[in-house]
Amino acid sequence: MWWAAIALVGAPAVSFAQTDEIQVYDAAIADKGKFNLMLHTNFTPDGLKTPAFAGGIEPDKSFNSVFETAYGVTEWFEAGLYMPLYSFSRSGATFNGYKFRALFVKPHAEEQKFFYGMNFEFSFNQKQWNPRHHTSEIRPIIGWHLKPVDIIVNPIMDNSYLHGIKGLDFAPCARVAYNLNEIWAVSVEQYADFGTLRDFQTGNQQFQETWAVVDHKGKTYSIETGIGFGLTSVSDKVTLKFMINRDLN
């Protein structure tokens, strides 16, 4: 079962802050009455040498991680909590904050040819993680299970409580996966950040990363891992991710 996603946290102009999870949401959620725990981790062996903002975490050689607990409230609604969010970087170990998530989806999306959903996240950030203490995310989910190919798009909008509609930042991501069998899948994922709607960036000033990803679905746990390559000067050159999740009851 795969759910959760990337949340690229926007920052002013062409600066793009750190991220805790790197994942495309596919509208699958925990079964009703079930708790699920996922550990998100990512490491940047070759990243930007300058923080996205004064006092921020330097991406190069940084390790970011967060525990995500989710609960299936109904067949179409899942509630989630990310905590603690922490990093190890050149600045040392830091606690970076926490966030809440509300995910609404078409029931049993993993069994549907066409599926959709909408995710809302509300973050409470520490100053070294994001210059804005409160940020939020609106993530539409649109996808097709075409057997053996999956196509999924998340046209994400990030925002700050203080900036309103004018501060919306367009940070879409997408995934094309090929299911080798019921256990293994390989995919290509694309993550981008074009900047705010009032100030779209162009060319080399956009955040753009392309990822090669492998998924394994086990009986008691699932794993997703991959390597991403930055395509522009404001993107980290190489990033690694690893996620593992399992139901708790």
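For segment 85-98, filtered to residues that are surrounded by fewer than 22 Cβ atoms within 10 Å (Cβ to Cβ) and farther than 10 Å from Ile57 by Cα, the residue that is farthest from the chain's Cα centre (by Cα) is Ala93. Residues that are among the aliphatic types (A, V, I, L, M) and over 14 Å from Met38 (Cβ atoms) were ranked within segment 53-74; the one that is nearest to the chain's Cα centre (by Cα) is Ile57. Beta carbons closer than 6 Å, at least 6 apart along the sequence or on distinct chains, pair a first residue in segment 21-37 that is farther than 11 Å from Thr69 by Cβ with a second that is acidic (Asp, Glu) for Val24/Glu189; Ala28/Glu110; Ile29/Glu78; Lys32/Glu75; Lys34/Asp247.
Answer yes or no as to whether Val176 is surrounded by 13 or more Cβ atoms within 10 Å (Cβ to Cβ), in contact with a Ser or Thr (Cβ under 7 Å, 6 or more places away or on another chain), closer than 22 Å to Thr44 by Cα and not small (Gly, Ala, Ser). Considered against the rule, which asks whether it is surrounded by 13 or more Cβ atoms within 10 Å (Cβ to Cβ), in contact with a Ser or Thr (Cβ under 7 Å, 6 or more places away or on another chain), closer than 22 Å to Thr44 by Cα and not small (Gly, Ala, Ser), Val176 comes out as no.
Selection of segment 231-248 for residues being of a type outside the set (S, T, N, Q) and touching a helix residue (DSSP H, G or I) at 6+ places or on another chain (Cβ under 7 Å) yields only Val234. Could you list all residues from segment 100-124 that are buried (at least 20 other Cβ atoms within 10 Å of the Cβ) and either without any contact (Cβ under 8 Å) to a residue 60 or more places away in the chain or under 12 Å from Tyr25 (Cβ atoms) (or both)? Within segment 100-124, Arg101, Leu103, Val105, Ala109, Phe115, Gly117, Asn119, Glu121 qualify. None of Glu68, Glu75, Glu121 is of a type outside the set (Lys, Arg) and under 16 Å from Pro140 (Cα atoms) except Glu121. What are the residues in segment 58-84 that are surrounded by fewer than 15 Cβ atoms within 10 Å (Cβ to Cβ), free of Cβ contacts under 8 Å to residues at least 24 places away in the same chain and either aliphatic (A, V, I, L, M) or more than 19 Å from Lys241 (Cα to Cα) (or both), if any? Hit for segment 58-84 is Leu81, nothing else.
Condition test on Val149, is it β-branched (Val, Ile, Thr), surrounded by 15 or more Cβ atoms within 10 Å (Cβ to Cβ) and free of Cβ contacts under 8 Å to residues at least 60 places away in the same chain? No, not satisfied. When Phe53, Phe115 are screened for being more than 23 Å from Tyr221 (Cα to Cα), of a type in the set (A, V, I, L, M, F, W, C) and at pLDDT below 95, only Phe53 passes. Somewhere in segment 42-54, is a residue under 23 Å from Ile141 (Cβ atoms) and in contact with a strand residue (DSSP E or B) (Cβ under 7 Å, 6 or more places away or on another chain)? Taking every residue of segment 42-54 in turn, at least one turns out to be under 23 Å from Ile141 (Cβ atoms) and in contact with a strand residue (DSSP E or B) (Cβ under 7 Å, 6 or more places away or on another chain). Looking across segment 139-160, just one residue is at pLDDT 95 or above and of a type in the set (Gly, Ala, Ser), and that is Gly143.
Screening the candidates Pro155, Pro140 for the property of being in contact (Cβ under 8 Å) with a residue 12 or more places away in the chain, surrounded by 15 or more Cβ atoms within 10 Å (Cβ to Cβ) and not charged (D, E, K, R) yields one hit, Pro140. Among the residues of segment 203-249, the one identified as touching a residue at least 40 places away in the same chain (Cβ under 8 Å), assigned to a loop (DSSP other than H, G, I, E, B) and of a type in the set (Lys, Arg) is Lys237. Number of residues in segment 14-70 that are within 24 Å of His145 (Cβ to Cβ) and either touching a helix residue (DSSP H, G or I) at 6+ places or on another chain (Cβ under 9 Å) or of a type in the set (A, V, I, L, M, F, W, C) (or both) equals 9.
If Phe200 satisfies every condition in (1) surrounded by 15 or more Cβ atoms within 10 Å (Cβ to Cβ); (2) at pLDDT below 95 but one, which is the exception? Status for Phe200: all satisfied but (1).
The values are calculated or read from the model by the stated rules, or taken from the named source; none is laboratory data. Every value quoted in this text rests on a predicted model; they were computed, and no experiment measured them. Every residue, glycine among them, receives a Cβ derived from its backbone with ideal geometry; neighbour counts consider all protein chains shown.
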